[in-house]
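The structure appears below as structure tokens.
The values are calculated or read from the model by the stated rules, or taken from the named source; none is laboratory data. Keep in mind that what you see is a predicted model, and the values were worked out from it rather than measured. Cβ: placed from backbone, ideal geometry, glycine included. Neighbour counts: every protein chain shown. Heads up: the accessible areas ignore ligands, DNA and RNA and are worked out on the full protein's heavy atoms, side chains in. Shrake-Rupley method; radii C 1.70, N 1.55, O 1.52, S 1.80 Å.
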Amino acid sequence: MADRILLRGGHVLSMDDELGELPGGDVLIEAGKIAAVAIGIDVEDAEVLDVAGHVVMPGFIDTHRHTWQAPFRGICADWTLEDYFRGIRMSISPNCSAEDVYAGNYLGALEALDAGVTTILDFSHCNNTPEHADGALQGLLDAGIRAIFAYGYYPSPAADPVFTEHSQRLDDARRIRERTLSSDDALVTMGLALTEVGLLPFEQTVAEARSARDLGVPSVLHTGCNWGSLITEGIPELDHHHLLDASQVHVHCNTLDDRDFRRLAENDCKVSSSPETEMQMGMGHPVIRRALEHGMRPSLSCDVMSSNSGDMFSQMRLGLQFERCMRNDSFNARNQMPDRLDLSVRDALRWGTANGAHAIGLEQRVGSLTPGKQADVIVVGGRRLNIVPMADPVGCLVAQANPSNVQHVLVAGRFAKRDGVLLGVDVEHAIGLAGAACERVLGAIRDGGKELLPPAPDGFADLLNSIAAQHLARAWAIEVQGAPAP
């Protein structure tokens, strides 16, 4: 790899408020970082790539991705959230081996890079054993993606569980933090994925949230996405115990009322919207506009790789057009046409880049082409018929592009994809591993005489809700410890 790379003559979308957009601009990369962004950079001893007619921009950032599910493509395409819980969390997850989880994270991370997603918050909640967690992490490391490995505390219902006590999961997360991911400056860093509030005794929810602070890492949790149930609620209870803070990403948030949204905003919590999942599985309306109205910076996520698109083009489009449709409805209801569109393609682009970096605490390192930041850069363009000619490069990027249009991808100044081809990896090997994982896991379910999507037991939802009510009621009975997070 050359010490200096000059991307010359592209339409530069810096996502830096001071630099703005530079038609015909240049981006200079030195030693893995952005060195300069300007028109007409003149430098010696650089590898020069002519990117005229292309968009040059920071890599996309996905703030909530179940990467391990990549071997099970399309399996959730006709499922509700309850179906997903029974099919993925209670059937597929317990049958996954550590090797299966490695295969999913490896293939899923390569898929992200191929689509120009250079950073993911990997919500890794198939940690049935320490080896599962190690396999998931190794998949990210081998792929070469920038990631936060969010160790998932959720306990899969295994017949013979390795973790027999909740505290053992917390100890295993600490093992990885101390032995493998002790640095906060590495390409892959540590995070935690908390169990849905209401599923566990509240003392254990407190322990999970406090473990993130003890380890000094960000956390992510599914919040407000299960209508008619108290599971994934609990914002007042978390607030009461001073457990809401700026290092948390709350995913979905569809069921939250304005008071709970204010609680998130007042504690500087972050929000991730997964439009594709939310609109399919019955979670409700994406909350992009609601987050904006509360002064927050919404981010986007691809969510379940067992069903959804693994690229941010899809999430930007779905999120933007949903919010436009909702506003337009207010005009149509008065038998009028909208006077304008108040959310733009540039807004959507920010949700998928700079806001994502802000949400996961990496804003000082990635999310814009600001000199000094890591050179996570993508170049989108080429001669495919869906994007030529680019009359409006930004409109074309958000409204019409797809992963096949991503020509170059650099992570920390290293080419992960060049001229439309992933580098340094055996893609067929990755596909083979994932295919074997899919066949083995689905075969194990079938051979065990079980259904992939077993019918819900009578009264199952009511039972879960009753348990959640007890757990949340306990929050008001136990002592509040410590002060609010700084």
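Annotations for the structure displayed:
- Protein heavy-atom accessible surface, 1.4 Å probe, per residue over segment 113-186: 36 Å².
- Heavy atoms of MET312 accessible to a 1.4 Å probe, total area in Å² rounded to 10: 0 Å²
- Among the GluC sites (Glu not before Pro) found in segment 104-193, those both in a DSSP coil and sparsely packed, with 16 or fewer other Cβ atoms within 10 Å of their Cβ, are GLU165.
- If R0 is taken as 45 Å, the Cβ-Cβ distance between HIS240 and ASP45 corresponds to a FRET efficiency of 0.15.
- Translational diffusion of the chain was estimated from the Stokes-Einstein equation, with Rh taken as the Kirkwood radius over Cα pairs; at 4 °C and 1.567 mPa s the coefficient is 56 µm²/s.
- The accessible surface of the chain, taken with every protein chain in place and a 1.4 Å probe, is 50 percent carbon and sulfur.
- Rounded to the nearest angstrom and listed largest first, the equivalent-ellipsoid semi-axes of segment 127-271 from its Cα gyration tensor are 26, 18, 14.
- Every pair of different Cα atoms in segment 179-228 enters the Kirkwood calculation, which places the hydrodynamic radius at 12.3 Å.
- Ranked by the mean number of other Cβ atoms within 10 Å per residue, highest first, peptides 413-421, 112-120 order as 112-120, 413-421.
- The ratio of the alpha-carbon radius of gyration of segment 1-155 to the globular-protein estimate 2.2 N^0.38 Å is 1.33.
- Kyte-Doolittle at least -0.5, axis length at least 27 Å by Cα - qualifying DSSP helices, the chain: 427-447
- Across every direction, the projection of the convex hull enclosing the Cα atoms of segment 286-402 has a mean area of 9.7 nm².
- With the simple model of a label 7 Å out from the Cα in the direction of the Cβ, ALA436 to ALA333 spans 5.6 nm.
- Only one residue of SER309, PHE322, HIS250 has its Cα farthest out toward the positive end of the dipole of segment 232-344, where Lys and Arg carry +1 and Asp and Glu -1 on Cβ, and that residue is PHE322.
- Cβ-Cβ FRET estimate between ASN386 and GLU21, R0 fixed at 25 Å, reported to 0.05: 0.70
- Here the convex hull built on the C-alpha positions of segment 343-419 has a volume of 99 cubic angstrom per residue.
- Straightening the chain between LEU423 and GLU451 buys 6.1 nm, computed as 0.36 nm per residue apart minus the Cα-Cα spacing.
- Residue separation of ALA461 and ARG213 scaled by 0.36 nm, minus their Cα-Cα distance, works out to 86.0 nm of gained length.
- Rounded to 5, percent antiparallel among DSSP beta bridges of the chain: 40 percent
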